[in-house]
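Report on the following structure.
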Amino acid sequence: LTKQNLNGRVPLIGFSGSPWTLLTYMVEGRGSKNFSEVKKLIYNKPELAHSLLNKLSDTISDYLSAKIEAGCNAVQIFDTWGGILSQKDFLEFSLPYVQKIISQLKRKDEPVIFFAKGVHHNLDKMADIGADVLGLDWTMNLGEVRNKVGNLVALQGNLDPTVLYANKNYIKQEVISVLESYGKGSGHIFNLGHGVLPDVDPENVKALVQFVKDESIIFHR
């Protein structure tokens, strides 16, 4: 129904949490400051953790495949809590399961976006799991990541979501800063570095979109 109502005006993106991020909510029961319960699980019962992550991967693959079949033009996997893991644990308990999802997706040409909040390491490995686009949070420099991953993937991001609380002139300047950090050329999708915060003025979001359209012309040629 959403696809029909859009009537081709804009692309439709489907999304899901990653296996690791969903596991944190399953085990903790809510958001957490230290994620102690899920950390206890992976340290003391790693076999159980892997079993659950495998089941989540299969379910998410089916879920995102169904979204594609229903008409989504792209899908995105959010690993919101990937950044709470050490580099070693991220490579064991998060990244392989995202790679598994991507390998199992039933798709034709629909791109896959992978976003791991707070993960500044193993960017080369993240760029090599089969995703078409790597989403970056606002604490990373687009140009530096571009230099590291080359043309393996497109990059998406990465305006600080709280900038939308500012006045419109400040928002415009920050848009330009993000575009400049990536530099000229293709392969960049402008986006926030995470989600839109609930109490942001919609007029500021509207202004942001227009600023991106106006200012990106000289960069995205």
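The values are calculated or read from the model by the stated rules, or taken from the named source; none is laboratory data. Remember, predicted model here, so these are calculated numbers, not experimental data. Don't worry about glycine lacking a Cβ; one is built from the backbone with ideal geometry, like all the others, and counts go over all protein chains shown.
Go through region 95-126 and count every residue that is assigned to a helix (DSSP H, G or I) and either touching a residue at least 60 places away in the same chain (Cβ under 8 Å) or under 21 Å from residue 59 (Cα atoms) (or both).
Applying the first criterion (assigned to a helix (DSSP H, G or I)) to region 95-126 yields 95-104, 123-126.
Remaining after also requiring either touching a residue at least 60 places away in the same chain (Cβ under 8 Å) or under 21 Å from residue 59 (Cα atoms) (or both): 95-104.
The total comes to 10.
Any idea how many residues of region 30-62 are of a type in the set (Gly, Ala, Ser) and in contact (Cβ under 8 Å) with a residue 12 or more places away in the chain? Break it down into steps so the answer makes sense when it comes.
Residues of region 30-62 that are of a type in the set (Gly, Ala, Ser), as a first pass: 31-32, 36, 49, 51, 57, 61.
Still in the running and in contact (Cβ under 8 Å) with a residue 12 or more places away in the chain: 49, 57, 61.
Going through region 30-62 one residue at a time, the tally reaches 3.
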*Starting from region 64-77, take each residue that is within 17 Å of residue 130 (Cα to Cα) and list its partners that are among the aromatic types (Phe, Trp, Tyr), counting only C-beta distances under 9 angstrom and pairs at least six apart or across chains.*
64/15; 75/15; 76/15; 76/114; 76/115; 77/15; 77/114; 77/115
*Can you tell me which residues in region 68-94 are assigned to a helix (DSSP H, G or I) and either over 12 Å from residue 114 (Cβ atoms) or basic (Lys, Arg) (or both)?*
68, 69, 83, 84, 87, 88, 89, 90, 91, 92, 93
*May I ask you to say which residue of 85, 179, 136 is of a type in the set (A, V, I, L, M), at pLDDT 95 or above, surrounded by 14 or more Cβ atoms within 10 Å (Cβ to Cβ) and in contact with a Gly (Cβ under 7 Å, 6 or more places away or on another chain)?*
136
*Where residue 63 falls short, out of the listed (1) more than 17 Å from residue 119 (Cβ to Cβ); (2) in contact with a helix residue (DSSP H, G or I) (Cβ under 6 Å, 6 or more places away or on another chain); (3) in a helix (DSSP H, G or I); (4) not aliphatic (A, V, I, L, M)*: (2)
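Of the residues 71, 31, which single one is on the phi > 0 side of the Ramachandran plot, more than 15 Å from the chain's Cα centre (by Cα) and at pLDDT below 95?
Numbers: 31 fails: on the phi > 0 side of the Ramachandran plot.
Going through 71, 31 in turn, the sole match is 71.
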_Restricting region 167-180 to residues that are farther than 12 Å from residue 216 by Cα and touching a residue at least 24 places away in the same chain (Cβ under 8 Å), the residue that is nearest to the chain's Cα centre (by Cα)_ = 171
_Flag for residue 148 being part of a helix (DSSP H, G or I), loosely packed, with under 14 Cβ neighbours inside 10 Å and not assigned by TED's automatic domain parsing to the domain that holds residue 96_ = yes
*exposed (fewer than 15 other Cβ atoms within 10 Å of the Cβ) and at pLDDT 95 or above, is that true of residue 169?*
yes
